[in-house]
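The next block holds one structure in the form of structure tokens; read it before the comments.
The values are calculated or read from the model by the stated rules, or taken from the named source; none is laboratory data. The structure presented is a predicted model; accordingly, all values stated were derived computationally and were not measured. No Cβ is skipped: glycine too gets one built from the backbone with ideal geometry, and neighbour counts run over all protein chains shown. Heads up: the accessible areas ignore ligands, DNA and RNA and are worked out on the full protein's heavy atoms, side chains in. Shrake-Rupley method; radii C 1.70, N 1.55, O 1.52, S 1.80 Å.
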Amino acid sequence: MNNFWRKLNKNFLALAPLAGITDMPFRSICQDFGADVIYSEMASAAALSYQPKKTLELVRSDSQENNLVIQLFGSEPKHFALAIQRITDEKFAASLDVMNYHKPAGIDINLGCPASKVLNTGSGAGLFQNVKVAKDCIKAVIDNTDLPVSIKIRKSAGAIQAIDFLKEMEGLPIQAVMVHGRSLKEGFMGGVDFEAIKAIKDYFNGVVIANGGIVDKNSYNKIMTKTNADGAGLARGILGKPWLFKMLKDDNFNIDRKLIFETILKHAQLVAADNAWFIEFRKHLAWYVSGLPKAKEMRMAAVKINNYEDVLKFVHDYQFML
Ligand SMILES: Cc1cc2nc3c(=O)[nH]c(=O)nc-3n(C[C@H](O)[C@H](O)[C@H](O)COP(=O)(O)O)c2cc1C
């Protein structure tokens, strides 16, 4: 097994999975700014079994992407087993005419999603609370791939604490765990429980990634010091700010307007070369310009973007006008 997790430096930075956001163009931008590991948005194991073309297109990657982890959600071992075979078989993707499909570096299983449509099918944080089925699902993935398998969990869901969940997984070769330091009940709000993440770091033999509330150097230093985790998972903190990766690694780095607009153009070029689906890009554009003078006007212009030429005009109109 090529276990890339073991080759990462201490305090590495990961782009956490974000549904509808961490697609190939955005991952590429984050990698250029220094993300050491990049997670795909979550993909349904059941959909990969029944409708593989559409889902493989969702998780397809660029050959330039390093340490890409594809994340799966589901609740049935047989779906996971088939999904993982399909994800790791480039020839299968080619047979469905999925362009640009490359085998990832790792596979992650989502055990923390709080969305009701995911929970209601026993997936995400629902699977976390069904320890026996969770173990069977993780085992189905491990048994059907030579890629390193990781999991993403919350500090707790219902009556199950993360540390107890991991104890139940004893014996499974899980290589890494990203811990979101909030309970299912807390969702995405409130403080992050550093102690719970630290307890996992003390217990678990593999790589531990601390996640929750990292928005700047202070919050990053705090979570890393208090948890002693091996790496950090950045999520909402990088929306419109992919340069946060570089800021955390390089004290001398400062973002300026020129680089913001260069990033907008580069991101738009990647979207144009990928799926040319600029509807999704609009929200990124609105995030990129938030905090700048005329942000409100720019956000109103962002919702009208339909193609690369519109982005060029946007940059032309606003870059020097601010
Ligand atoms: C819009 C959105 C989409 C998300 N999608 C996923 C996902 O697909 N898989 C997953 O494991 N977590 C997902 N998460 C959770 C994040 O990866 C992360 O755990 C959470 O946002 C906490 O980190 P933060 O406080 O830095 O944002 C999502 C969160 C948000 C806000």
Quiz prompt | Sole exception among (1) small (Gly, Ala, Ser); (2) within 15 Å of the ligand (Cβ to nearest atom); (3) surrounded by fewer than 23 Cβ atoms within 10 Å (Cβ to Cβ) for Ser61, by number | solution = (2)
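For every residue, the table says whether it meets (1) touching a helix residue (DSSP H, G or I) at 6+ places or on another chain (Cβ under 7 Å); (2) within 20 Å of Asp143 (Cβ to Cβ); (3) open to solvent by 20 Å² or more (accessible area, probe 1.4 Å).
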residue	(1), (2), (3)
Asp36	no, no, yes
Met42	no, no, yes
Leu48	yes, yes, no
Gln51	no, no, yes
Asn66	yes, no, yes
Ile70	yes, yes, no
Phe73	yes, yes, yes
Ile84	yes, yes, no
Thr88	no, yes, yes
Practice problem: With the condition kept exactly as written, say whether any residue in region 39-46 is in a helix (DSSP H, G or I) and at pLDDT 95 or above. | Solution: yes
Quiz item: Say we look at region 226-254 and pick out the residues that are assigned to a helix (DSSP H, G or I) and out of contact with any Gly (no Cβ under 7 Å at 6 or more places or on another chain); which of these is nearest to Asn9 (Cα to Cα)?
Solution: Leu248
Practice problem: Kindly list, by first and then second residue, each pair from a residue in region 107-124 that is in the same structural domain as Val37 (by TED's automatic domain parsing) and part of a helix (DSSP H, G or I) to a residue that is more than 11 Å from the ligand (Cβ to nearest atom) and open to solvent by less than 30 Å² (accessible area, probe 1.4 Å), limited to pairs with Cβ atoms under 6 Å and residues at least 6 apart or on different chains. | Solution: Leu119/Gly126
Quiz item: Can you name the condition, by its number, that Ala232 falls short on among (1) surrounded by 15 or more Cβ atoms within 10 Å (Cβ to Cβ); (2) farther than 22 Å from Tyr39 by Cα; (3) not polar (S, T, N, Q)?
Solution: (2)
Self-check item: Failed item, numbered, when Val207 is tested on (1) surrounded by 21 or more Cβ atoms within 10 Å (Cβ to Cβ); (2) within 18 Å of Ala157 (Cβ to Cβ); (3) touching a residue at least 60 places away in the same chain (Cβ under 8 Å); (4) of a type outside the set (Phe, Trp, Tyr)
Solution: (2)
Quiz item: Looking only at region 214-225, which residues are crowded, with 20+ Cβ neighbours inside 10 Å and in contact with a Gly (Cβ under 8 Å, 6 or more places away or on another chain)?
Solution: Ile214, Ile223
Exercise. Assess whether Lys217 counts as being more than 14 Å from the ligand (Cβ to nearest atom), more than 23 Å from Val118 (Cβ to Cβ) and at pLDDT 95 or above.
Key: yes
Quiz item: Are any residues in region 158-184 within 15 Å of Thr227 (Cβ to Cβ) and of a type outside the set (A, V, I, L, M), and if so, which ones?
Solution: His180, Gly181, Arg182
Quiz item: For region 13-32, what are the residues that are within 16 Å of the ligand (Cβ to nearest atom) and either open to solvent by 10 Å² or more (accessible area, probe 1.4 Å) or assigned by TED's automatic domain parsing to the domain that holds Lys283 (or both)?
Solution: Pro17, Leu18, Ala19, Gly20, Ile21, Asp23, Met24
Quiz item: Going by the conditions given, is Lys258 assigned to a helix (DSSP H, G or I), modelled with pLDDT under 95 and open to solvent by 50 Å² or more (accessible area, probe 1.4 Å)?
Solution: yes
Self-check item: Every residue from region 174-195 that is surrounded by fewer than 20 Cβ atoms within 10 Å (Cβ to Cβ) and part of a helix (DSSP H, G or I)
Solution: Glu195
Self-check item: Search result, residues across region 270-299 that are in contact with a helix residue (DSSP H, G or I) (Cβ under 9 Å, 6 or more places away or on another chain), farther than 23 Å from Lys54 by Cα and without any contact (Cβ under 8 Å) to a residue 40 or more places away in the chain
Solution: Leu285, Leu292, Lys294, Ala295, Glu297, Met298, Arg299
Exercise. Could you list all residues from region 146-168 that are assigned to a loop (DSSP other than H, G, I, E, B) and crowded, with 19+ Cβ neighbours inside 10 Å?
Key: Leu147, Pro148
Quiz item: Is it fair to say Asn100 is over 13 Å from the mean Cα position of the chain (by Cα), surrounded by fewer than 20 Cβ atoms within 10 Å (Cβ to Cβ) and modelled with pLDDT under 95?
Solution: yes
